[in-house]
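Participant: Take a look at the following structure, please.
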Amino acid sequence: MQTAGRNTRTRFGMEVYMELREITAFLQVAQLKSFSKAARSLGYSQAAVTIQIKQLEEELQVHLFDRIGKQTTLTHQGEVFYEYASAMMRDLAEGRDAISASREPAGRLRLGAIESICSSLLPPLIMEYHRRFPKVSVSIRTDSPETLLEMMNKNAIDIVYFLDRPTYDSKWERVLDAPEDILFVTRPDNPLAGRREVELSEIISQPFLLTEKDASYRFILEQYLASLQKEIRPFLEIGNTDFIIRLLRQGGGVSLLPEFTVREDIREGRLVSLSPTDFHMRTWRQMVYHKEKWVTREMAAFIELVREREQGS
């Protein structure tokens with residue numbers, strides 16, 4: 001007899017009963033590589049998640065995770081089951097939308113963004129999105145482009161908004177592809193600020209604040225300097241763009257930042273850009289989702305809003 005609320009599957013001639021919450025817990029642990037992070041994400045205790053995974057392993061009669069020290073990784077059987085579990089959850093989401101297509105967006109939207117975009121460009125987008133669709137629950141994950149795109153490929157994130165060199169993949173659908181200048185910025189009273197001609201070597205000799213090493217534009221700068229057998233030695237490294245800008249306003253030296261993060265400060269005269277005669281950097285704001293991803297009403301509404309804003313800017 002089938003247990004209420006459970007899906008019946010047959011595996012090797014045996015009946016297997018699985019609850020959706022067990023599969024959801026499994027996917028969260030696999031995506032976040034952590035039982036504790038999965039528990040926080042789901043609003044459960046870590047013990048509850050552990051029990052759900054144990055029940056799922058007993059029902060499947062396989063070992064899904066290896067836990068060595070603080071590392072949690074999928075076993076081979078876990079990787080195989082992950083593909084089927086992800087497909088099943090996508091099908092359920094598609095079915096939900098198919099039978100309620102006339103309703104306003106009211107589900108969830110999972111975004112991934114690099115820190116500079118999250119702090120500068122996403123706030124007005126999210127506020128307008130919430131104004132239009134107050135029933136949608138939005139979550140945002142900040143990390144490096146590589147990590148976010150990997151999560152998207154595993155269906156842990158719906159849409160990724162990042163900054164990098166033009167990046168293409170046949171598995172992605174592109175929502176946005178816009179060039180962005182990366183600027184050296186400092187206070188107006190910096191000795192270099194009043195000069196028409198400044199060389200890169202002079203700029204990098206200043207007290208420097210840099211984002212963490214996973215920022216794409218920092219990587220581009222360091223690659224270029226390495227080709228000249230030069231290097232930059234920042235006195236501060238931090239992944240918080242707002243913190244860097246606050247220090248710059250107080251006379252904290254020079255930094256390299258996307259133009260959109262300092263646009264208002266430059267317009268208001270709090271900061272100025274330095275234009276080295278021998279270097280210029282341009283990269284691209286890019287927004288993508290996976291081609292195999294069912295585009296939910298929540299995703300479609302956000303994509304439409306982004307395109308509206310880009311056309312109006």
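The values are calculated or read from the model by the stated rules, or taken from the named source; none is laboratory data. Just so we're clear, the structure is a prediction, and the values are computed from it rather than from any experiment. Note: ideal-geometry Cβ built from the backbone for every residue, glycine included; neighbour counts use all protein chains shown. Quick note on the areas: whole protein, heavy atoms, side chains included, nothing else; ligands and nucleic acids left out. Shrake-Rupley method; radii C 1.70, N 1.55, O 1.52, S 1.80 Å.
Participant: Kindly flag which residue pairs out of K33/K54; K37/K213; K154/K291; K154/K293 have an alpha-carbon separation exceeding 22 Å in this structure. Mind showing how you got there, number by number?
Facilitator: Working: K33/K54 16 Å; K37/K213 24 Å; K154/K291 12 Å; K154/K293 10 Å.
Over 22 Å apart, Cα to Cα: K37/K213.
Participant: Relative contact order of the chain: what whole-number percent is it, with Cα pairs under 8 angstrom and at least 6 residues apart? Each step should come with its number before you reach the end.
Facilitator: Working: 455 pairs, mean separation 63.9, N = 313.
Reported relative contact order: 20 percent.
Participant: What value, in deg cm²/dmol to 500, does the helix sum -39500 (n - 2.57) over DSSP H runs of n ≥ 4 give at 222 nm once divided by the residues of the chain?
Facilitator: Values: 12 runs with 137 residues, N = 313.
Taken over the chain, the calculation gives -13500 deg cm²/dmol.
Participant: Can you give the convex hull volume per residue for the Cα atoms of the stretch 35-135, as a whole number of Å³?
Facilitator: On the way: hull volume 15.6 nm³, N = 101.
Dividing the Cα hull volume of the stretch 35-135 by its residues yields 154 Å³.
Participant: Quick check on packing: order 159-170, 283-294 by the mean number of other C-beta atoms within 10 Å, highest mean leading.
Facilitator: Details: 159-170: 17.0, 283-294: 18.8.
Top to bottom by mean Cβ count within 10 Å: 283-294, 159-170.
Participant: What accessible area per residue, rounded to a whole number of Å², is obtained for the chain using a probe radius of 1.4 Å? Present the calculation step by step, with values, prior to reporting the outcome.
Facilitator: Working: 16720 Å² over 313 residues.
Normalised by residue count, the accessible surface of the chain is 53 Å².
Participant: If you bin every alpha carbon distance in the chain into 10 Å steps from zero, what whole percent lands in each bin?
Facilitator: Over the chain, the share of Cα pairs per 10 Å bin runs 5, 22, 26, 22, 14, 7, 2, 0, 0 percent.
Participant: Okay, moving on. Quick one: grab Rg to one decimal and Dmax as a whole number for the stretch 172-215, Cα atoms only, in Å.
Facilitator: Answer for the stretch 172-215, Rg first and Dmax second: 15.3, 46 Å.
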